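Participant: A single structure is presented below for examination.
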Amino acid sequence: MQFFGGSATTEASLLPAAPPGTGAGGPGNNAHMLYIFNRAGVCLLYREWNRPLRTLNQQQDHKLMFGLLFSLRSFTAKIDPTVVEKGNLGVPLLPGQGCSFYSFKTNTYQLNFMETPSGIKLILITHPKTGDQREPLKYIYNLYVEYVVKNPLYVPGTPIQLILPVYHITSYSSSNF
Amino acid sequence: MAPLVPKSGDAVFASVERVNAELFTLTYGAIVRQLLTDLEEVEEVNKQLDQMGYNIGVRLIDEFLAKSNVSRCVDFRETADVIAKVGFKMFLGVAATVTNWDAEGTTCSLVLEDNPLVDFVELPDTCQGLRYCNILSGVVRGALEMVSMKTEITWIRDMLNGDDAYELRVKLLKQVPEEYPYKDDE
């Protein structure tokens, strides 16, 4: 899904240059932000690597991001041309009902999204030239399972404050994007 | 292009970390024994086992989803099938069978012919009301609740009480729709 359409050549010229020294596509700092939400809208984990502009306080920012995903998902399900039966726009969907999106791209960034049936939402914002991030997101979900869910000290539904998972998740993310 | 739902949990079972079955059985036995000593009442033990199972299920669902590559189930029938074939196989090492559907497709039975939890177990006369495997019903309930299905689970047959298999009756009470979690005035 692209908001700023156009052919590949014009799109390339619209893109800002990759941050110096990192080079889009290659390993390096292509990741901007990572969010992990649960179904109740609690931001379990937030990390940023490269975010020069900040306009909202953190709580508002998380709420806005969650709201965007929530609305976009219900919107993408609504405009799905392949399904006959769909609820009205804004009517809550049952989990598993309707289709979902996995990424969208603007001329300055790409938002990669993964949602599990258990309601965990993983959002990774990267440079628009990074490719399909579904596999890496799955990998991050596996890290979440290994280091967060299986940790007896972690109380489900609360922000992750344990050091180990945060370390593993962020070091994977920063070395692979 | 939804990924195919695995037909059985054999492949996953082979790839995940396992513990020795006897160690598992004896550890579980020790937990139940300790609960009986601590709580004294058989009913209380049943309740506690169910609660422990629920707490496990709430976490187990994520591991299940991450490792089994199951994405979304179309309906409750498929859900029950996946639990029996993949879920039980993956975590307990034995697969269950799904039978006795009611007309609406909301109630079914999971039948376990073989159950590693009860090896070496015999209920003494003082514990006849004990649901030794009550932890399993808790796990299933907790896991399903995390994927927005409220269920009610009861034991129908129990080998320790002389039946020929274990039968769990799973009843789907309701599916909770995805709601926007924040209030407008916040």
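The values are calculated or read from the model by the stated rules, or taken from the named source; none is laboratory data. The model shown is predicted, which means the values in this text are computed figures rather than measured ones. Cβ coordinates were reconstructed from backbone atoms using ideal geometry, including for glycine residues, and neighbour counts include every protein chain displayed. The protein model used for the area step is the full one, side chains on, heavy atoms only, and it has no ligands, DNA or RNA in it. Shrake-Rupley method; radii C 1.70, N 1.55, O 1.52, S 1.80 Å.
Participant: Which FRET efficiency value, to the nearest 0.05, do you get for A:Gln58 and B:Val121 by plugging their Cβ-Cβ distance into 1/(1 + (r/R0)^6) with R0 = 41 Å?
Facilitator: 0.20
Participant: Please give the contour-minus-distance gain from B:Ala103 to B:Arg18: 0.36 nm per residue of separation, less the Cα-Cα distance, rounded to one decimal in nm.
Facilitator: Full extension from B:Ala103 to B:Arg18 adds 26.8 nm.
Participant: Quick one: buried accessible area between A and B, total over both chains, 1.4 angstrom probe, nearest 100 Å²?
Facilitator: Counting both chains, the buried surface is close to 2500 Å².
Participant: Rounded to the nearest 10 degrees, what's the angle between the helix B:134-146 long axis and the longest principal axis of chain B, both from Cα atoms, 0 to 90?
Facilitator: 10 degrees
Participant: Averaged across the residues of A:147-156, what count of C-beta atoms belonging to other chains lies within 10 Å of each residue's C-beta?
Facilitator: That average works out to 2.
Participant: Of B:Glu22, B:Glu178, B:Glu44, which has the most accessible area with a 1.4 Å probe, and how do the rest follow in descending order?
Facilitator: Highest to lowest solvent-accessible surface, that is B:Glu22, B:Glu44, B:Glu178.
Participant: So, R0 is 25 Å and r is the distance between the beta-carbons of A:Thr106 and A:Leu162; what FRET efficiency does that work out to, to 0.05?
Facilitator: So, using R0 = 25 Å, E works out to roughly 0.15.
Participant: Among A:30-42, B:67-79, B:129-141, what's the highest-first ranking by average C-beta atoms within 10 angstrom per residue?
Facilitator: Going by the mean number of other Cβ atoms within 10 Å, highest first, we get B:129-141, A:30-42, B:67-79.
Participant: Turning to a different aspect of this structure: With everything on Cα atoms, drop me the angle between helix B:42-68 and the longest principal axis of chain B, reported from 0 to 90° to the nearest 10.
Facilitator: The angle comes out at about 40 degrees.
Participant: Sorted by mean Cβ packing within 10 Å, highest first, what order do the peptides B:103-110, B:158-165 take?
Facilitator: B:103-110, B:158-165
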